[in-house]
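Data first, discussion second: the structure below is written as structure tokens.
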Amino acid sequence: MAPVLADGEAGGAAIAVFPQIHGKPYGDDRRLSSEISFVNRNGLRWRDAPREYGPHKTLCNRWKRWGEMGVFTRMMEGLRAESRTPNRHD
């Protein structure tokens, strides 16, 4: 499954969306956001996430923490702002 936010897709703003890591890093935050989106989009329970996503508890905890920190709100605001920016094909 490809990340929701691919390299360069959200410009430099993609990095600012995710919080600083203070503990053991899980991996790529963009990949994790894609995995969380997959679970939510398909109406799955966390424990029903595909095994290759890693421990379901990690997904659930990160979803909860990021929600409380406003990560998903900033992500949607960034995507909304990008969609309003006219593309110039000179």
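Brief remarks follow.
- Test set (1) among the polar types (S, T, N, Q); (2) exposed (fewer than 15 other Cβ atoms within 10 Å of the Cβ); (3) at pLDDT 70 or above - Gln20 fails condition number: (3)
- Pairs with Cβ under 9 Å, 6+ apart, first in segment 29-42 and touching a residue at least 24 places away in the same chain (Cβ under 8 Å) and over 13 Å from Gly54 (Cβ atoms), second of a type in the set (Gly, Ala, Ser) and in a helix (DSSP H, G or I): Arg30/Ala14
- Subset of segment 29-52 (residues that are surrounded by 16 or more Cβ atoms within 10 Å (Cβ to Cβ), part of a helix (DSSP H, G or I) and over 13 Å from the mean Cα position of the chain (by Cα)): Trp46
The values are calculated or read from the model by the stated rules, or taken from the named source; none is laboratory data. Since the structure is predicted, the reported quantities are computational estimates derived from the model, not experimental observations. Here the Cβ is made from the backbone with ideal geometry for all residues, glycine too, and neighbour counts use every protein chain on show.
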